[in-house]
């Protein structure tokens, strides 16, 4: 039985579909819903340099970081679903898995942007990392507009 669902959002274009899917699932399961957004700890400073290390500064949380959580609250209100939100800083996959453990989530819902294999290898994949790191069930939602762009049917993958 699913009693607590953690929905991770990054504010991307497909995030709304992931939020709606996760919240609808929580409502159907009569489960508690928590929405998490992870902001970076540092921001890279753009510079023209041949140095190997990119200079960084600490990331200061702003309204931009809160926006995905505000969107989640709006969607939940439209659906008459109670939801808790949390904003953390750090590596997204690590923070998602740790937070899921902290709240004892029965299921983690994350989105997939549908990057190509090359792009995923270069920039990484949060959903893949969460699947790899978590000992809890993970549901990966591939949004319909992301799937349409990739020419594949929309689907959800559960591990």
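Below are the figures for this structure:
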read-out	value
Lone unmet requirement of (1) under 14 Å from residue 107 (Cα atoms); (2) modelled with pLDDT of 95 or more for residue 76	(1)
Residue within segment 127-138 that is within 15 Å of residue 15 (Cα to Cα), at pLDDT 50 or above and touching a helix residue (DSSP H, G or I) at 6+ places or on another chain (Cβ under 7 Å) present	no
Segments classed as helices (runs of 4 or more DSSP H), wholly inside segment 6-103, with at least 3 members that are free of Cβ contacts under 8 Å to residues at least 60 places away in the same chain and exposed (fewer than 14 other Cβ atoms within 10 Å of the Cβ)	63-78
Residue within segment 29-37 that is under 12 Å from the mean Cα position of the chain (by Cα) and at positive phi present	no
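The values are calculated or read from the model by the stated rules, or taken from the named source; none is laboratory data. Quantities reported herein were computed from a predicted structural model and do not represent experimental measurements. Every residue, glycine among them, receives a Cβ derived from its backbone with ideal geometry; neighbour counts consider all protein chains shown.
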